[in-house]
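What follows draws every value from the coordinates through simple rules; no lab data is involved. As the structure is a computational prediction, the values presented were derived from the model and not from experiment. Ideal geometry is used to build each Cβ from the backbone, glycine not excepted, and the neighbour counts take in all protein chains shown.
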Amino acid sequence: MYVPKLSVLQVKAPLIVDNHGWGCTMENQIGKSRFNQFANEEGFVVVWPSGYYRATQPVWPSWLPLPPLPGWGYTTNAGTCCPAAAAKKVDDVGFVIDLIEHIKTEIRSSSGNAREIDTTRIYASGHSGGAMLVNRLGCELSDIFAAVAPISGPILDGKIPGILPSVLSGADAFQCSGSMPTLYFHGTADVVVPFKVEPFHRLFLGFPGMAYYKEQRKKLNGIPRSDKGVITYKYGNATCTSFGPAEMNTTFCDMEGGAHSWPGTPNGHKHGPFRTDFTSIDASKAILSFFRQHSKRPSVCDSSLQLNMDSDGKTVARFRKVASHGECCIKCQLDKDCKQFTFALRNGGLLSGIRKGDCWLKHTIGNGVPKRGMALGTAPTEEFDEVMV
């Protein structure tokens, strides 16, 4: 985590969760995005999470492990790529939830409550496998993140048929729902995550072509297929096309002849499959500009939220498959007997009976029993109309 000095840090500071690619490390991602340098100028906080398992060969069954090659970094669970994180269903989404809450507490504590994380301005970015995880965060945590910016990594929710993910290495398919403002970069000559549909990558890794991903992202953001977009940036090999209204904008930046890399980083490779376009666009600056344009409207349901807590109060009602903790909060607000609500941000243990989307309305406020993956909130007192704004 990087935090600027107190005189620079914004009173309500934005937070960027910046994710490394498959086989890479936190340090490698710092070199690509350089967000620590920009944080010193703009006063935001940035964190680089690490994958839990070392990366192993992607086209290889997880149940027949090979040792990672020297120098290889880590892998995260983006859904269907790559062993062993997805096969072992590592809860990286839950980890990011806990990480954000930890950082919020740390900033308040270290600043003597003079600074805090702005919960309306939390963002995610990442490259390659980290971009795939970013897309998953945008799908599953749409009520937490204000915008995302993945580079060279589409949504891998298990909807694209593939031999390796489903038969050999296992997968962790998830439901992608909700809108999310998105800025996306991809090189047209990428051979690691191909721009166009490529049979090997589709069958063995479940990778979609970029045309499929673009339509998928537009549909999630409520943008009609007939929207042809507007070119908002064109220089050198970079062409950025913007779709949809400002609040749900989706912008795709195609890098003509671009490889599997972070455009504009001075730390990139000059040759090979990871060669960098140094002059057409600086992706980091573009991402920060995009993030500045997007924030979530503050909600009384957000302000009352605490994570990793459950209530032992008496249950008034229970609902399943609720879309977000905000919707659970609204249900509590509409029920005169509800004093507190509890929402499952992710699945509980094997025999817990808790599934993501479970919502409990509580008649009394209990002492609070710690439980992973649960969000607790007290009944809001503001008017319902204000919550829905």
Most fluctuating residue given options 112, 229, 158, as computed from a GNM of the chain linking Cα atoms under 10 Å: 112
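With each run of n ≥ 4 DSSP H residues scored as -39500 (n - 2.57), what mean residue ellipticity at 222 nm is computed for the chain after dividing by its residue count and rounding to the nearest 500 deg cm²/dmol? Mind dumping the intermediate values first?
Values: 10 runs with 94 residues, N = 389.
Helix contribution divided over all residues of the chain: -7000 deg cm²/dmol.
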Given a cut-off of 28 Å, name the pairs among 196/219; 5/270; 296/356; 12/314 whose C-alpha atoms lie farther apart than that in the structure shown. 5/270; 12/314
Just the C-alpha atoms of segment 126-186: what Rg/Rh do they give, with Rh taken as the Kirkwood radius? 1.00
Please label the shape of segment 12-292 as rounded, prolate or oblate, based on the square roots a ≥ b ≥ c of the eigenvalues of the alpha-carbon gyration tensor (a/c under 1.5 means rounded; beyond that, a/b larger than b/c means prolate, else oblate). rounded
Contour minus end-to-end for residue 1 and residue 271, with contour as 0.36 nm per residue of separation and end-to-end as the Cα-Cα distance? 94.1 nm
Can you compute the charge dipole magnitude of the chain about its Cα centre, using +1 on each Lys and Arg Cβ and -1 on each Asp and Glu Cβ, nothing else charged? Give it in debye, rounded to the nearest 20. 500 debye
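Assuming 0.36 nm per residue, please report the length gained on full extension of the stretch residue 120 to residue 28 beyond their Cα-Cα distance. Show your work: numbers first, answer last.
Numbers: separation 92, 0.36 × 92 = 33.12 nm, distance 2.80 nm.
So the chain would gain 30.3 nm between residue 120 and residue 28.
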For segment 171-270 the mean separation of alpha carbon contacts under 8 Å (6+ apart) over residue count, i.e. relative contact order in percent, is 35 percent
Normalised by the number of residues in the chain, what is the relative contact order in percent for Cα pairs under 8 Å and 6+ residues apart? 13 percent
How many times 2.2 N^0.38 Å is the alpha carbon radius of gyration of segment 55-137? 1.39
